[in-house]
1. Need one word for chain C: rounded, prolate or oblate. Basis is the Cα gyration tensor (sqrt eigenvalues a ≥ b ≥ c); a/c below 1.5 gives rounded, then a/b vs b/c decides.
2. Could you give the dipole magnitude of the stretch B:6-256 about its Cα centre, charging the beta-carbon of Lys and Arg +1 and that of Asp and Glu -1, in debye to the nearest 20?
3. Rounded to the nearest 20 debye, what is the charge dipole size of chain A about its Cα centre when +1 sits on each Lys and Arg Cβ and -1 on each Asp and Glu Cβ?
4. Can you grab the distance from the C-alpha centre of the stretch C:173-204 to the C-alpha centre of the stretch B:543-573, Å, no decimals?
5. Please work out, to two decimal places, the log10 of the ratio I(q)/I(0) at q = 0.04, 0.08 Å⁻¹ from a Debye calculation in which every Cα of the protein assembly as shown carries one identical scatterer.
6. As a test of the formula, what do you get for chain B when each DSSP H run with n ≥ 4 contributes -39,500 (n - 2.57) and the sum is divided by the residue count, at 222 nm and rounded to the nearest 500 deg cm²/dmol?
7. How far, in nm, would the chain grow between B:Asp405 and B:Asp469 when pulled straight, counting 0.36 nm per residue and subtracting the alpha carbon separation?
8. Calculate the all-directions average of the projected area of chain B's alpha-carbon convex hull, and give it in nm².
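Values in this text are rule-based calculations from the coordinates and carry no lab data. All values derive from a computational prediction rather than experimental measurement. Heads up, the Cβs are rebuilt from the backbone with ideal geometry, glycines too, and the neighbour counts pull from every protein chain shown.
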Amino acid sequence: MSGAKTGKASLWPMVARRVGSAALTLLLVSMVIFAIAGLLPGDAAQEALGQSATPEQVAALRHEMGLDQPAPVRYARWLSGMVQGDAGQSLVAGMPVGAIIAERLPNTLMLAGMTAVLAVPLALIMGITAAIRRGTWIDRAINLASLSMVALPEFLVATVGVLIFSVKLMWLPSIAMVSAEASWSDTLRSCALPILSLTVVVVAQMARMTRAAIADQLDRPYVEMARLKGASLSRVVLGHVLPNCLGPIVNAMALSLSYLMGGAIIVETIFNFPGLASLMVNAVTSRDMPLLQACAMIFCSAYLLLMLVADMVALLANPRLRAQ
Amino acid sequence: MSAPHIEVSGLTVAVGDVPIVSDISFAVQRGEVLALIGESGSGKSTTALALMGWCRHGGRIASGTIRVGGMVIEGKSEEELSAIRGRHIAYIAQSAAAAFNPSRRIMAQVIEPAIIHRIMTRQEAEAKAVDLFRALALPSPETIGDRYPHQVSGGQLQRLMAAMALITDPELVILDEPTTALDVTTQVEVLKCFKAALAHCNHGRGATAIYVSHDLAVVAQMADRIAVLLKGRLVEEGPAEQVLTAPRDAYTQVLVNAPHPVPAAPAGDDAAPVLSVRGLTAGYGRVIDGMPQIPVLRDVAFDLPAGGALGIIGESGSGKSTLARVIAGLLPAAQGEVLLNGSALPPRLEDRSLDQFRTVQLVFQNADTALNPAHSVRRILARPLQHYHGLTGAAADRRVAELLDLTRLPAEVIDRPVTKLSGGQKQRVNLARALAAEPKVLLCDEVTSALDTVVGAAILSLIEDLRRDLGLATVFISHDIHAVSALCEKVLVLYGGTPVELATRAAFNGSRHHPYTSLLKSSLPTMDPRWLDTTRAPILRGFRVEGLCPFQPRCAEAVPGLCDAVPAPLREGDGMRWLCHHSPSIKEQA
Amino acid sequence: MKRSISLLAGAPLATRIAAGFVGFWLVLAVAGPWVAPHPVGAFVDQDVFSGLSARFWLGSDYLGRDVFSRLLYGARYTVFLGLGAALLAACCGTTLALWATLSGGMVDEIISRAMDTLISIPSKILALVLVAACGSSLPLLLLICALTYVPGNFRIARALAMNLAALDFVAAARARGERKFAIALHEVLPNMIHPLLADLGLRFVFVVLLLSGLSFLGLGVQPPYADLGSLVRENISGLTEGAPAILAPALAIAVLTVGTNLLIDALKPEDKR
Ligand SMILES: Nc1ncnc2c1ncn2[C@@H]1O[C@H](COP(=O)(O)OP(=O)(O)OP(=O)(O)O)[C@@H](O)[C@H]1O
Ligand code: SF4
Ligand SMILES: [Mg+2]
């Protein structure tokens, strides 16, 4: 009975604690990223001046760029820059990292968003159907299909997609063109293959976790009770079970969506898609440290943000957690 | 006589080809209550659920016929059965806490049967639910439906489930051990409500009911007829009175004349205490100023002489297990001390010596979780032998065999994994492991609560023999008042973590008690069918006030102006020490 | 071993097929170089990207080398790097998880926080950065893949260990005065083996996918060595022709990972109804 009173009161401290914890993790992540990037061989000053520069010139530039200062100082400077939205200068392109990213980020968000719009409902339908039809051939078929899809290498999915849809059928282009001038339908057509490939990659995991979350509840006494009230299995799953596993399901969705940001590397590469992930691959191969760090921070922030949202949904959906 | 309302004949429920219950036949007249009794695994719930066409764990109705009213149940499709379930036949489950959906409001769940079967509008159903809440004596009937299940108590939830079952005025109600998960004091009140509600169902004509239980005394209060199940077969069926007073079947006779523990011989009372507890305060969470965040035990004290037996009773959550954990060192106390042979035991495990570990052994409540499922019996028993006594090889083998013998386990279980033992055997291994240490003090935490009566009684008599033969001092934690009062020389009664009474066996079996102990004792059902009607429903007024007598909100003997104003004093006399304004001694009473 | 064989004999068809695929790959990975019909690096075909033929079972690649032989050699790197990294990740993750669970308090806090940090860096990103920073020799690749999957294994193992540590038999061992190490080894670990093996299989699948992904990007196994992912990369120009040189290694990876995944699923205890 006291739960009713304390329920609402303790919600905000819990939310605050989770936000704080996510912020702390992000801080730690920034340290890790900074530290690993510091391991990269080569020197930005050397890189910028080229092989012909004299040691004196390099030293001077190093001093100018602040590279001769101890790591903690450089870290602090980098972090405060990041917080203020200044990620530094790209060593290769010679322009602000922020500008390069600003050009790519919308593309990545568009790709991730469109994939999510397709994949999330599909995964929910697959997962819920499998759970409701537990033990039947439909369940087994979905299980087999999703198990296989989870383990498929992305380049197989993408190359087979290209072979079928662009080479054989010639329906869709094999290169994704994204430009501001292109019409919506053109953009959609040229991004169809990347979107389809990514959907195949993420939908299975979401569907499996949805089914597992529901199936985990199906043996609970309250499910039996609801059935004995005369409710059909679909009514029980939709009306009784889903509210109880909203937390795990949203968590699975968030996990898969975060994959669409940083995990799209291979798909982006195959289709020449101008997204953040392929930008990052370029940064790795050209050892462009500031760009690399900024990209990594974006991916990690996206992950943490999605996880935080999932946590909040779980908190709000479960009256017990809320009143803990 | 009219045609029976329910007629079951030759019912067999099977999983694959293995029958769980076979060849069950009985008939119930309209408005009668039939009780199904038997020990766990005897097929009570299976039989009851088959009446709704429902089989658990992939079972199916293999043969037989079931008629409820005019309806044929067997062979119906899921859709046809759904139309009957919750409409004509309603179910009340064992644990309401698990049977309510934790994330939906109570009202939505209570009226769901009416909504599913489209017999009322939402408004009508809610109005009817509130009426039912009122009839079931639930507090604030208008608003209790707006709460979530975790916001009401277990007893209330069980009554709310009754409302859920009765909302469609079903012609048959199935109650599956509806009070087993409750404390005895709560059970009285829930039983009273159920009885009244069943009688008023169907516009006063009364519902037909199937009442599943393992407790004959409870059944005596509720049933018109009794059917006794043993290993999936019906061994006896007849009018309640005949089954209770003149059972025909041998198994029923055992049940009715349930083995009451034989009172144990007292140990020398003047022996020096081997275990003493002084001013113990403990709980969970961080300790601030000697008070844990969630205090459970407050100011507990007792002495246990060598070879003596102390019983600890109290409702669920009163801190019995916590006390055992504190003594065993699993939970450091916040205040007070535990003395072993007069010297203080370090509160934390890390600071105790091997010998101190050895001397105090804890037998856990639930043998299923207390034994590592990855190990064999031999490994479980050999480990403490090696750990405490350095025994290995043949010497250890010999000792393991002795221990099996001591706990009356057959020698061939030795290499079996513990998962392949029966409940009673597991509990014996659990006990043997503690004995392997050769302890001086044995802490037994509800060692029989997971066992059937007959098996439990055997374990109790085993512990009693061991205590006598090995001179073990035993702390006996239980909610079984009969067992405790027979086996223990002293009884400590905990209420909400506070020791309210410490009595010798003679005093405890006498007639004067602390008000809480009286309530506990009067809440124990008896075989007398009139017991329920003559027992007072427990009261509850206000909330516990810190500093005052903890039992005050529920006390029937509270003195107005005194108990709600002045802390209860600790008083002694006539073999009792208790926390109450009333005096234990009869002389002082005047 | 004998038990697992007899167990398989009685297993359903799906299990046996999956086990067959996985076994097939293990054998190929070990025996590959001996059964390969042509030397790995030899330019044996006049044609590039030729189709399936009796002489070149899986055709030839962009330089006219025998795809089948290259596949057999490449499988070794994929299988053994994957297996090694998965084993290493599982050992580290589980050890850390047991340590964190049984120590509790600050130790648990610190380890869990560190793992949370690592897990919030997407695995491919982490591996990429590490490869860029440390290089991609074979031992380093193994270490990097292992490190990338330690946090995932840690999470699973810690959840399992936490559940077990709350059970009474662990309390019984503590009350007996057992030391943490003995409790971890004798009481907790034996009860985690089955789910951990399943997780090991899953990590193996992930590592193989990650590794071949890295190689596909040109950041994994470096020439002269080539794993299955590298084979896909070097033949990418054959995509428009639908050459077997690009499809065969990609399919080979899929058979290995899907087979492993199906095997794990088939071996896990049926979920009860
Ligand atoms: N780890 C814990 N953290 C917080 N509170 C706890 C913890 N364990 C137990 N409690 C609380 O301490 C109180 C006493 O619990 P305890 O297990 O000692 O009761 P008990 O008398 O043994 O009950 P039962 O008869 O059900 O076994 C309960 O209110 C319980 O909720
Ligand atoms: S002190 Fe008063 S309220 Fe408490 S038990 Fe005694 S009579 Fe009842
Ligand atoms: Mg207890």
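1. Prolate shape, in that a/c is at least 1.5 and a/b is the bigger ratio.
2. Roughly 360 debye, rounded to the nearest 20.
3. 1820
4. If we compute the Cα centre of each part, the gap is 50 Å.
5. Listed by q, the Debye log ratios stand at -0.29, -1.06.
6. Helix contribution divided over all residues of chain B: -9500 deg cm²/dmol.
7. 21.6 nm
8. The orientation-averaged projected area of the Cα hull of chain B comes to 30.0 nm².
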